[in-house]
């Protein structure tokens, strides 16, 4: 592409740029090989190694829910445009890519669906999307071309701030895991606290029930072990009687005013996207 081509066009033109958006997950394991947490990273970069910093002013990631992260808004002004976090929560993450050299603030609005299917297995995925910058000023045009852009014929008029959704959702739906049916009582228990003590040591029904939801075998074994340990402890001679769930000890401590105001501001900003 020569520089003179820009001035040879009598009609408005478009420059198409390609972006790669993706994530990778890696379980953090103990010395014995047990998965302790899931570390993940999310990135925006050029396709085939293209240097998008030529035309990208900054990339802003909005993590949701805001209360689950210390810094829910991440602003990156230099490459690599990548954030790193820990957790196992699937969520939609708005991403704003701001362009340089535009007459008025121009941004590419993305929404990436971060789907985590397993806490104990490494995984990665990326998707490539294109965005047409219509009739860019010459300085922006040059930067777009340096970053791997290509001139294309202008198509039907479309909003320059349109939202590009990168969606990858699992086909199955999660549902609430109810307590297993009791063999010794006529009524069905509503919570695990109501489960019959005679069948508390049996894990077959519990595992069968857990398999009806989208849980891996590793997750099923962990929940079963915790349930068995808790049931065994309650029946032991030295067991301490735990207070009921209505006790104030289980209440979540109230956040300081400064943090509450910061969360309100972050949530209001997220809703306005």
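The values are calculated or read from the model by the stated rules, or taken from the named source; none is laboratory data. Given the structure is predicted, the values throughout are model-derived calculations rather than measurements. Here Cβ is always computed from backbone atoms with ideal geometry, including for glycine, and neighbour counts include all displayed protein chains.
Data table
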| read-out | value |
| --- | --- |
| Selected residue (only one of 16, 45, 74 is under 30 Å from residue 139 (Cα atoms), in a strand (DSSP E or B), touching a helix residue (DSSP H, G or I) at 6+ places or on another chain (Cβ under 8 Å) and modelled with pLDDT of 90 or more) | 45 |
| Among the residues listed as 90, 67, the single one being within 12 Å of the chain's Cα centre (by Cα), in the same structural domain as residue 141 (by TED's automatic domain parsing) and on the phi < 0 side of the Ramachandran plot | 90 |
| Members of the range 77-89 that are surrounded by 14 or more Cβ atoms within 10 Å (Cβ to Cβ) and outside any loop (DSSP other than H, G, I, E, B) | 81, 82, 83, 85 |
| Unique residue being touching a helix residue (DSSP H, G or I) at 6+ places or on another chain (Cβ under 8 Å) and outside any loop (DSSP other than H, G, I, E, B) when the list is 151, 120 | 151 |
| Index of the failed condition, residue 53 passing every other in (1) surrounded by fewer than 17 Cβ atoms within 10 Å (Cβ to Cβ); (2) assigned to a helix (DSSP H, G or I) | (1) |
| Number of the exception - residue 53 against (1) free of Cβ contacts under 8 Å to residues at least 60 places away in the same chain; (2) under 28 Å from residue 270 (Cα atoms); (3) out of contact with any strand residue (DSSP E or B) (no Cβ under 8 Å at 6 or more places or on another chain) | (1) |
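Yes/no matrix, rows are residues, columns are (1) in the same structural domain as residue 62 (by TED's automatic domain parsing); (2) surrounded by 10 or more Cβ atoms within 10 Å (Cβ to Cβ); (3) in a loop (DSSP other than H, G, I, E, B):
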site: 219; (1), (2), (3): no, yes, no
site: 238; (1), (2), (3): no, no, yes
site: 258; (1), (2), (3): no, no, no
site: 261; (1), (2), (3): no, yes, no
site: 264; (1), (2), (3): no, yes, no
site: 268; (1), (2), (3): no, yes, no
